[in-house]
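Beneath this line is the structure, given in structure tokens, with notes to follow.
Rule-based calculations on the coordinates, nothing more; no lab input. Here the structure is a predicted model, which means the values were calculated and not measured. Here the Cβ is made from the backbone with ideal geometry for all residues, glycine too, and neighbour counts use every protein chain on show.
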Amino acid sequence: AQSVAQPEDQVNVAEGNPLTVKCTYSVSGNPYLFWYVQYPNRGLQFLLKYITGDNLVKGSYGFEAEFNKSQTSFHLKKPSALVSDSALYFCAVRDLDSNYQLIWGAGTKLIIKP
Amino acid sequence: GAGVSQSPSNKVTEKGKDVELRCDPISGHTALYWYRQSLGQGLEFLIYFQGNSAPDKSGLPSDRFSAERTGGSVSTLTIQRTQQEDSAVYLCASSKSGTSLSTGELFFGEGSRLTVL
């Protein structure tokens with residue numbers, strides 16, 4: 001079965017420190033992987049995606065993610081966290097059965113403390 | 001506006017009443033999704049529209065839920081005889097084409113928060 005796991009419900013990071021939000025996936029074919037961010041009382045916003053090519057993908061707001069096929073991971077990273085990065089982060093993978101659906105992780109709440 | 005527009009932003013209703021939630025997608029986007037999000041949790045797929053094709057209704061939790069999309073644009077999600085467990089944020093998203101997730105990301109509205117008393 002296809003799935004996405006975000007093993008941490010919450011991640012706490014001090015402002016200025018690097019941050020990592022973890023995501024692992026399980027699909028039978030080549031994955032299309034996505035990160036979205038949800039600020040309080042807002043809809044989700046696209047951050048970045050991996051389809052093919054370079055394993056390191058750069059996205060909005062200084063975020064990047066590294067695709068690791070051997071570890072089936074797609075962790076979200078940022079070198080220096082900002083308080084304004086505090087939000088709910090969702091990892092998703094394309095559902096290979098439907099081709100138009102995304103399978104969503106449960107979300108990770110990122111809290112950046114000043 | 002340029003984004004996905006949802007209305008109402010907040011709706012409080014009594015148990016047993018019907019509610020309608022509206023989504024106006026980005027112009028030209030042929031794919032439209034409805035999701036439900038409970039208390040800051042993950043997204044639960046409800047229904048998917050793509051152009052004039054038959055919608056994928058596989059995520060609708062019961063026959064009290066229905067949705068339509070008129071003219072390939074605006075969509076309405078209707079919940080009949082609301083129950084307290086229907087309380088959630090209902091999110092709408094659109095994309096240029098649902099079958100082109102490699103090239104088109106989803107654009108989300110800000111959601112309709114439904115509270116059933």
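Figures for the structure shown
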| quantity | calculated |
| --- | --- |
| Equivalent ellipsoid, the protein assembly as shown (semi-axes from 5 times Cα gyration tensor eigenvalues, Å) | 30, 21, 16 |
| log10 of Debye I(q)/I(0), alpha-carbon scatterers only, for chain B at 0.11, 0.23 Å⁻¹ | -0.32, -1.37 |
| Likely footprinting exposure, A:Val13, A:Val93, fewest C-beta neighbours within 10 Å first | A:Val13, A:Val93 |
| Rough spin-label spacing in nm, given labels placed 7 Å along Cα→Cβ, for A:Ala5 and A:Asn30 | 2.6 |
| Whole-percent pair-distance distribution, where bins are 5 Å wide, for the alpha carbons of chain A | 2, 12, 24, 25, 20, 10, 5, 1, 0 |
| Rounded to 5, the percent of DSSP beta bridges in chain B classed as antiparallel | 90 |
| Whichever aspartates and glutamates have a C-alpha closer than 18 Å to that of B:Lys96, once near sequence neighbours (fewer than 8 apart) are set aside | A:Asp95, B:Asp24, B:Asp56, B:Glu105 |
| GNM result for chain A, Cα springs below 10 Å: residue of A:Pro40, A:Pro79, A:Pro31 fluctuating most strongly | A:Pro40 |
| Spin-label pair B:Asn10/A:Leu96, simplified geometry with 7 Å Cα→Cβ offset, distance in nm | 4.5 |
| Share antiparallel - DSSP beta bridges, the protein assembly as shown, percent rounded to 5 | 90 |
| Pairwise label distance in nanometres, A:Thr52 with B:Glu85, each label 7 Å out on the Cα-Cβ vector | 4.4 |
| Violating pairs (Cα-Cα greater than 28 angstrom) within the set A:Lys113/B:Lys11; A:Lys109/B:Lys57; A:Lys77/B:Lys11; A:Lys109/B:Lys15; A:Lys49/A:Lys109 | A:Lys113/B:Lys11; A:Lys109/B:Lys57; A:Lys77/B:Lys11; A:Lys109/B:Lys15 |
| Segment B:Leu39-B:Leu117, length gained on full extension (0.36 nm per residue, minus Cα span) | 26.5 nm |
